[in-house]
Amino acid sequence: FQELWVFDRRTGDGTRVTRGSYDTLVDWSHDERSLLHLRAGQIWISSIDRSTPPRPLIKVKERLFGAARGPDDASVLAVRMNQGPQSGLWRISVPGAAESPILTQATAGERSRPYDVRLSSDGRWVAYTDRNEEEVYALALDGSGVIQVSAGGGSAPVWGAAQQLFYRT
């Protein structure tokens, strides 16, 4: 099993958030009271204090391979793979599951294969690793462009509090 836990840095106490499943952390909710996570290729939400049981946040037909919270509580950013021209990064509304493409093979060509996505704290940028190139990119959600951040390899982007972008090489 792959469970999610939250640890208090001050006390070192841990709280198990999910139990008995194969969960992959996606992101914190905007109110920081819940975790968004992938379970069986779908996006779920679990409260940190376990006051409510884990529940599906959205339901889509195909399996998702990564996600990040959206710029508001009404959407998530989700990654599809192996979906032909539909592969890529999509904004999916919560709870209606209306979908709109952000960066797909249909819009950016075969070259673009985003995964490992993270939204900036101001909600204006999404960082991702390109699966084909193993490089980190930052994409402006207003459509103004994409910037290659890493050179010579990069993965696992994480935004800092002051809009810095960190990644592994």
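Is it the case that Thr24 is at pLDDT 85 or above and either closer than 20 Å to Leu103 by Cα or hydroxyl-bearing (Ser, Thr, Tyr) (or both)?
Here the answer is no, as Thr24 does not meet what is asked.
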Being surrounded by 14 or more Cβ atoms within 10 Å (Cβ to Cβ), over 24 Å from Trp28 (Cβ atoms), touching a strand residue (DSSP E or B) at 6+ places or on another chain (Cβ under 7 Å) and of a type in the set (Gly, Ala, Ser) narrows Ser87, Ser75 down to just Ser87
Val94 meets each of (1) at pLDDT 80 or above; (2) over 15 Å from His37 (Cβ atoms); (3) open to solvent by less than 50 Å² (accessible area, probe 1.4 Å) with one exception, condition (2)
Inside region 134-169, the number of residues satisfying the requirement of being open to solvent by 70 Å² or more (accessible area, probe 1.4 Å), in contact with a Lys or Arg (Cβ under 8 Å, 6 or more places away or on another chain) and part of a loop (DSSP other than H, G, I, E, B) is 1
Residue set Thr52, Thr18, Thr11; condition surrounded by 12 or more Cβ atoms within 10 Å (Cβ to Cβ), part of a loop (DSSP other than H, G, I, E, B) and over 13 Å from the mean Cα position of the chain (by Cα); output residue Thr18
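The values are calculated or read from the model by the stated rules, or taken from the named source; none is laboratory data. Given the structure is predicted, the values throughout are model-derived calculations rather than measurements. Note that each Cβ is placed from the backbone with ideal geometry, even for glycine, and that neighbours are counted across all protein chains shown. Heavy atoms of the whole protein, side chains included, go into the accessibility calculation; ligands, DNA and RNA do not. Shrake-Rupley method; radii C 1.70, N 1.55, O 1.52, S 1.80 Å.
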